1. Can you confirm whether A:GLU260 is surrounded by fewer than 16 Cβ atoms within 10 Å (Cβ to Cβ) and in contact with a Leu (Cβ under 8 Å, 6 or more places away or on another chain)?
2. Sort through A:GLU212, A:GLU208 and tell me the only one that's more than 8 Å from chain B (Cβ to nearest Cβ), outside any helix (DSSP H, G or I), touching a Ser or Thr at 6+ places or on another chain (Cβ under 7 Å) and within 30 Å of A:CYS302 (Cβ to Cβ).
3. Return yes when A:ALA197 is surrounded by fewer than 18 Cβ atoms within 10 Å (Cβ to Cβ), out of contact with any Asp or Glu (no Cβ under 8 Å at 6 or more places or on another chain) and assigned by TED's automatic domain parsing to the domain that holds A:GLY152 and no when it is not.
4. Answer yes if at least one residue in the range A:237-246 is small (Gly, Ala, Ser) and under 19 Å from the mean Cα position of the chain (by Cα), and no otherwise.
5. I'd like the residue in the range B:35-48 that is crowded, with 18+ Cβ neighbours inside 10 Å and in a strand (DSSP E or B) and, out of all such residues, is farthest from the other protein chains (Cβ to nearest Cβ).
6. Given the conditions (1) within 11 Å of chain B (Cβ to nearest Cβ); (2) free of Cβ contacts under 8 Å to residues at least 40 places away in the same chain, which single one is not true for A:LEU179?
7. Hey, among the residues in the range A:154-176 that are part of a strand (DSSP E or B) and touching a residue at least 24 places away in the same chain (Cβ under 8 Å), which one's farthest from B:LEU161 (Cα to Cα)?
8. If you take just the strands (runs of 3 or more DSSP E) that sit entirely in the range B:50-165, which of them hold at least 3 residues that are among the hydrophobic types (A, V, I, L, M, F, W, C) and away from every other protein chain (no Cβ under 14 Å)?
Amino acid sequence: MKKFLFIAALLMMSVAAFSQAKKPTLMVMPSDAWCYQNGYMKSIPDGTGSEKQIPDYEEALRTSMDLKLAIAKINDLMAERGFPLKDLEQQLKLIQQQTAEQNLVTSKSGNEMAESPIDNLLRVAKADIIIELTWDVKEQGPKRTLSYILEGKDSYTGKSIGGSNGTSSPSFSADLTVLLEEAVVAHIDNFNSRLQAYFDDLFANGREVSLEIRIFADNAAGIDLESEVGTDAEELGEVIDGWMATNTVEGRFSKLGSSENYAAYEQVRIPLYKSNGVAMDTEAFARQLRNFLRKEPYNIPCKVLNRGLGKCIIVLGEK
Amino acid sequence: MKRNILLFTLALVLAIPAFAGAKKKAEKDTEHFRYEIECAGNGTQGTYLVKVWSYSRRANIAAEQCKKNAVHGVIFKGYTGGNGCVAQRPLANHAGVEMEYEEYFRQFFSDSGEYYKYVSLTGAAQEVVKVGKEYKVGVIVSVQKDELRKALEQAGVIRGLGSGF
């Protein structure tokens, strides 16, 4: 009897441990505007024969002490609030190291590690919430004022979580480092209240994610989103809409666009926990849809592609 | 000798209600939390620098109540900014917190309450203005908002940023 009670207690404890919702990751990055203003941009080929400009974070972190200080200060203050951030510089170093290792590792028979173009594309510094930092110093004679913007963005829905901004009082003596540190300290609480409101909404109305449905061209199953499937001969797109309405929190989602090959769902509110109490993320939600579609009466093979905590793509027709 | 003892006892008996009355009045003023709070500058890390105006018939009582009112203001009111001073939201996440945890806050703001740990005078001169029959006293104080927030989070009064994850 005692043994049974002990096992039951252990099981309850493990369920409680798993029941914690997944903590979003946060990372501070300089905004594109700041990178452009301060000359930290680089050109890369855009695949169409021309070039495009993207922020050069490595160069910015290597040469701008002010940026490093501002990021370090925000990291410090957020850790104080029990929410340590991902460090951009460390993430960039990690990616470089992974790429170097990837190029060196071979099997005994000389085969390289498998990597698809999409794997390569996904290997970038990312977090679920990006905190964009911008500042600008204006000088009027001996006086300096600092304008400062801190804005949180949900990486996957692209929505702004809110932010904090302001302009310091004119200073004759303080250098940029001091002004910047003062601005971070003064604005971080307002930013955190926005973040708290975002998390409160998440707990009340579910996590907001995006989901895309795609079709493999000329797939073996011979289906697209207009194919009539199941016993009621409903169109596949309608079947998916029905499943979404049943399985989202209070049926909340919006369909951004659709065709026979594509459907995009945004503002999809998924529950934070599965029916067994385990934390739910977008991939788990997408897998539930995949399981629904590959069972009777639909029997549609599907592939789930995870794009992080907030976005998944389900490709129908093949594995 | 007997007469002296009698007079002393009588004076004591008369004085106690007078002190109690003043204290009661101060408590009454405090219980209503009649004050104004404004930003007095950007505080150092972990603190808010605020100017609090409190009202009382006695200037010294109003000055003392400013500390209590400052902590109350940081928790429930927040304050506006301007002129390089950054506005701050209240620490309480929603409006009903004060009613919901009434007993906790009654103890917290009592004279021997915990509020005292999170506030200190800055040494700036206090301003006293006579308004009708009472005094309006303005004092600049520093509130240890990070420590205050941690205490409220530990007491379960407000949610921490990472709670629930």
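1. Values: surrounded by fewer than 16 Cβ atoms within 10 Å (Cβ to Cβ): yes; in contact with a Leu (Cβ under 8 Å, 6 or more places away or on another chain): yes.
Spelling it out, A:GLU260 is indeed surrounded by fewer than 16 Cβ atoms within 10 Å (Cβ to Cβ) and in contact with a Leu (Cβ under 8 Å, 6 or more places away or on another chain).
2. Numbers: A:GLU212 fails: touching a Ser or Thr at 6+ places or on another chain (Cβ under 7 Å).
So the residue among A:GLU212, A:GLU208 that is more than 8 Å from chain B (Cβ to nearest Cβ), outside any helix (DSSP H, G or I), touching a Ser or Thr at 6+ places or on another chain (Cβ under 7 Å) and within 30 Å of A:CYS302 (Cβ to Cβ) is A:GLU208.
3. On the way: surrounded by fewer than 18 Cβ atoms within 10 Å (Cβ to Cβ): yes; out of contact with any Asp or Glu (no Cβ under 8 Å at 6 or more places or on another chain): yes; assigned by TED's automatic domain parsing to the domain that holds A:GLY152: yes.
Spelling it out, A:ALA197 is indeed surrounded by fewer than 18 Cβ atoms within 10 Å (Cβ to Cβ), out of contact with any Asp or Glu (no Cβ under 8 Å at 6 or more places or on another chain) and assigned by TED's automatic domain parsing to the domain that holds A:GLY152.
4. Filtering the range A:237-246 down to residues small (Gly, Ala, Ser) leaves A:237, A:242, A:245.
If we keep only those that are under 19 Å from the mean Cα position of the chain (by Cα) too, we end up with none.
Within the range A:237-246 (the criterion being small (Gly, Ala, Ser) and under 19 Å from the mean Cα position of the chain (by Cα)), the answer is no, since none of the residues qualifies.
5. Top of the filtered list is B:TYR35.
6. (2)
7. From the range A:154-176, those part of a strand (DSSP E or B) are A:154, A:160-167, A:171; that's our starting set.
From the residues that got through so far, the ones that are touching a residue at least 24 places away in the same chain (Cβ under 8 Å) too are A:154, A:161-164, A:171.
Numbers: A:ASP154: 16, A:ILE161: 14, A:GLY162: 15, A:GLY163: 15, A:SER164: 17, A:SER171: 33 Å.
The extreme case among them is A:SER171.
8. Numbers: elements: B:119-121, B:127-131, B:134-143.
So the answer is B:127-131, B:134-143.
The values are calculated or read from the model by the stated rules, or taken from the named source; none is laboratory data. Everything numeric here is computed off the predicted structure, so don't read it as measured data. Here the Cβ is made from the backbone with ideal geometry for all residues, glycine too, and neighbour counts use every protein chain on show.
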